[in-house]
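In what follows, a structure is listed as structure tokens, so that the remarks can point back to it.
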Amino acid sequence: MATLEIVNVTKKFGSVTVLKGIDIVAADGEFLVLVGPSGCGKSTLLSAIAGLQSNDGGEIRINGIDVSEQHPKDRDIAMVFQTYALYPNLSVWENIAFPLEARGISKAERRLEAEKVAGLLHLTEYLDRKPRQLSGGQRQRVAMGRALVRDPQIFLFDEPLSNLDAKLRVVMRTEIKKMHKNLGTTMVYVTHDQIEAMTLATKIVVLRDGEVQQAGSPDDVYHTPKNKFVASFMGSPSMNFIKGILRRNEVGARIEIVRPGGGEVALDLPVSSNLARQFDGKAVILGIRPEAMIDAKSETKDGTYQRIEWPLEILEPTGADTIAVLKSNMGDDSEGEMVARFSAKTSATPGTLVSINIDVSAVCLFDAQTEDAIFHASTVGKSVPAPILLSERKA
Amino acid sequence: MSDMVLGKQSGRDKLFRGLVYVILGVFVLFYLTPLYVMVVTSVKSLDEILSGSLLAFPKTLDFYGWDEAWNNACVGTECRGMAPFMINSLIAASLATVIPTAVGALNGYALSLWRFKGSDLLFGMLLFGAFIPFQIVLLPMASFLGWIGWSSSLTGLTFTYIVYGLPFTTLYFRNFYVSFPPDLVKAARIDGIGFFRFFWRVALPSSVPIMIVSVIWQFTNTWNDFLFASTMTKLESATVMVALNNFVQVANGVKRYNVDMAAAIIAGLPTIAVYLIAGRYFLRGLMAGAVKG
Ligand SMILES: Nc1ncnc2c1ncn2[C@@H]1O[C@H](COP(=O)(O)OP(=O)(O)OP(=O)(O)O)[C@@H](O)[C@H]1O
Ligand SMILES: [Mg+2]
């Protein structure tokens, strides 16, 4: 049971600043998930919390007390490593109970504790095996067991499931969630997996290049991303981006979009008049999640959908529905692909223009210059003032 | 022929393989012939040696040579056989194997897994010790031993072996531990497992292969050493290699080749034993240590 505060922590490796003043607060019992692209400093931040490296600035506070100068073992933190870090020559139960050995607990008692933890993790029958005789999932559980046996104030997980196959990952994800629910211990969890982040977290922190981009509940981060980076990073498939010019009009503003391969379309957006005035005539980027882009035949109950015609590249049936890959107008960079969710029985023809319904109550707008979010339609209220407008102009 | 790993072999592959085996066979013959000659000569009578061919198989087995070598071989005027010198060698080589291996393991462990400021510099200096030719240190070492009162004694010789073994054993263990997963040490630090506990419970038990390398290296090198042993010992503290040289050179009349050969084989037996017992780990250990460093 502990609160964790990371206050303006900086860390340099030589001349490279890996952590550039990180501020994060985790309440007691929080499940904090750190996400971010490879090399952004997630593991470095965990090491900083654990005390495996000294920081160049800032404080790590546990229960309000700065522990920056404390030895890792005095911080009462347990960590599960991506590599599991099991001691290869020790048996499963010795691995689990090894932290207790250092505390001078008798062998009989250690064995007992290991058995208790092994029971929770379904490892009882493997207690006397060596780590190399275990499957990946079992090793992962041993690593968790070694953390559990210590009953620490804070758990740190560095991509604990990334070496497992997809199915096992789902199982272990649920196990971890249950574990958090039962223990109520504060946890910091690093992952690359969107779904892990969304399902486990009570708070997600998105990092990029050693800086916090956004911290908030999974809902916040998903629906109201602070900038284009967060928007594209969270969610899979990731958010679609379309560039256009914003023009003020009677419902708020209209975004005029030049279609790849010619033609122009437009969407009306319920932005505030202030914003419309500020960005009138300026370049903006529209962000739409794939699930908010559906084929025109799909049901659109409320009046928040607007229809555009857009060039379709290919269809990828997945069974339940069909992924439609659309042409992008963002240029050749990494976001050069757009994805929409079509119904399984779509009759759309690749290579032609198809009708798409866009849920404008779920879109975001980003300043094309700074890439900061300027507008989240989901915060406006559920209905759009204007009815469906077929707003299309042929060039 | 089909191989699980290499797949089907073409005619050229087969030819190539055959060639490799022929070359290997020639080398094996080349290295085994002297041993063969030694063994057969040691069990021939002197008459047979002088009359017959070097390579011929003995007509009758005669263990006179072995008996003489073990029980009556002379150094100077004393004819006490080889046993006392074998014991000297055994003491020196065992201590010079166990101590540098143990200390080298600890050194290598500290220099790789628990680095500290200046640990790389320290390691560099130790390496330097491994590459200084022994001839250079012979005189300074001898005078140093004289100064502390250990000159011409087995103690002094053993001490020298230990000191000069340390850079090598440290190097072996350091290079072995460098490829140890760093996360293990991190996990240990978080879990409050200290330097020595981790060494004793995890690092050392995992380093059997490199321990074997260190043991073989130290034992054979010190057992076979002639340079230090001949300069730093006197008669009663001589190792078997020094003694062997004396047996052979004591020339009173006819050279007794069978005795010489038997003595040489006896002197070499312990190292052969060490190889046979530990040898199968040797290559494995060398490889494990060689991957990184
Ligand atoms: N010991 C080190 N010395 C120098 N640079 C380092 C060191 N450790 C990490 N770095 C650098 O710091 C940056 C952040 O590394 P870190 O391991 O924290 O990334 P990460 O976010 O955990 O990435 P991943 O998702 O791939 O695990 C990287 O650019 C890395 O090269
Ligand atoms: Mg990492």
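The values are calculated or read from the model by the stated rules, or taken from the named source; none is laboratory data. Keep in mind it's a predicted model, so treat the numbers as computed, not measured. No Cβ is skipped: glycine too gets one built from the backbone with ideal geometry, and neighbour counts run over all protein chains shown. These area figures cover heavy atoms from the full protein model, side chains too; ligands, DNA and RNA do not enter into them. Shrake-Rupley method; radii C 1.70, N 1.55, O 1.52, S 1.80 Å.
Can you name the condition, by its number, that A:Pro160 falls short on among (1) in the same structural domain as A:Val33 (by TED's automatic domain parsing); (2) more than 16 Å from ligand 2 (Cβ to nearest atom); (3) open to solvent by less than 10 Å² (accessible area, probe 1.4 Å)?
Condition not satisfied by A:Pro160: (2).
From A:Asn55, A:Asn89, grab the single residue that is surrounded by 15 or more Cβ atoms within 10 Å (Cβ to Cβ), in a loop (DSSP other than H, G, I, E, B) and more than 14 Å from chain B (Cβ to nearest Cβ).
A:Asn55
Being in contact (Cβ under 8 Å) with a residue 24 or more places away in the chain, open to solvent by less than 50 Å² (accessible area, probe 1.4 Å) and within 16 Å of ligand 1 (Cβ to nearest atom), is that true of even one residue in region A:166-186?
So far as region A:166-186 goes, no, none of its residues is in contact (Cβ under 8 Å) with a residue 24 or more places away in the chain, open to solvent by less than 50 Å² (accessible area, probe 1.4 Å) and within 16 Å of ligand 1 (Cβ to nearest atom).
(1) more than 8 Å from chain B (Cβ to nearest Cβ); (2) touching a residue at least 24 places away in the same chain (Cβ under 8 Å); (3) not aliphatic (A, V, I, L, M): which one isn't true of A:Pro99, the others all being true?
Of everything listed in (1) more than 8 Å from chain B (Cβ to nearest Cβ); (2) touching a residue at least 24 places away in the same chain (Cβ under 8 Å); (3) not aliphatic (A, V, I, L, M), A:Pro99 misses just condition (1).
Across region A:23-48, what is the total count of residues that are open to solvent by less than 10 Å² (accessible area, probe 1.4 Å) and either away from ligand 1 (no atom under 11 Å from the Cβ) or assigned to a strand (DSSP E or B) (or both)?
Here the count works out to 7.
So, in region A:173-200, of the ones that are assigned to a loop (DSSP other than H, G, I, E, B) and more than 30 Å from A:Val16 (Cα to Cα), which residue ends up nearest to ligand 2 (Cβ to nearest atom)?
Looking at the filtered set, the residue picked out is A:Thr185.
Filter region A:106-129 down to residues that are open to solvent by less than 50 Å² (accessible area, probe 1.4 Å) and not small (Gly, Ala, Ser) and give me whichever is nearest to A:Met179 (Cα to Cα).
A:Leu121
Taking region A:58-77 only, how many residues are among the basic types (Lys, Arg), in contact with a helix residue (DSSP H, G or I) (Cβ under 9 Å, 6 or more places away or on another chain) and either open to solvent by 50 Å² or more (accessible area, probe 1.4 Å) or within 16 Å of ligand 1 (Cβ to nearest atom) (or both)?
Of the residues in that region, 1 qualify.
Taking the stated definitions as given, is A:Lys226 away from ligand 1 (no atom under 16 Å from the Cβ) and either within 17 Å of the chain's Cα centre (by Cα) or under 30 Å from A:Thr370 (Cβ atoms) (or both)?
Considered against the rule, which asks whether it is away from ligand 1 (no atom under 16 Å from the Cβ) and either within 17 Å of the chain's Cα centre (by Cα) or under 30 Å from A:Thr370 (Cβ atoms) (or both), A:Lys226 comes out as yes.
Can you spot a residue in region A:8-22 that is closer than 21 Å to A:Val142 by Cα and either more than 16 Å from ligand 1 (Cβ to nearest atom) or assigned by TED's automatic domain parsing to the domain that holds A:Glu211 (or both)?
no
Is there a residue being among the polar types (S, T, N, Q) and either within 13 Å of the chain's Cα centre (by Cα) or at pLDDT 90 or above (or both) anywhere in region B:231-245?
There is at least one residue in region B:231-245 that is among the polar types (S, T, N, Q) and either within 13 Å of the chain's Cα centre (by Cα) or at pLDDT 90 or above (or both).
Quick grid of which residues meet (1) within 25 Å of B:Gly268 (Cβ to Cβ); (2) open to solvent by 60 Å² or more (accessible area, probe 1.4 Å); (3) in contact (Cβ under 8 Å) with a residue 40 or more places away in the chain; (4) not in a helix (DSSP H, G or I):
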{"site": "B:Leu157", "(1), (2), (3), (4)": "yes, no, yes, no"}
{"site": "B:Thr160", "(1), (2), (3), (4)": "yes, no, yes, no"}
{"site": "B:Tyr177", "(1), (2), (3), (4)": "no, no, yes, no"}
{"site": "B:Arg197", "(1), (2), (3), (4)": "no, yes, no, no"}
{"site": "B:Ser207", "(1), (2), (3), (4)": "no, no, yes, no"}
{"site": "B:Ile212", "(1), (2), (3), (4)": "yes, no, yes, no"}
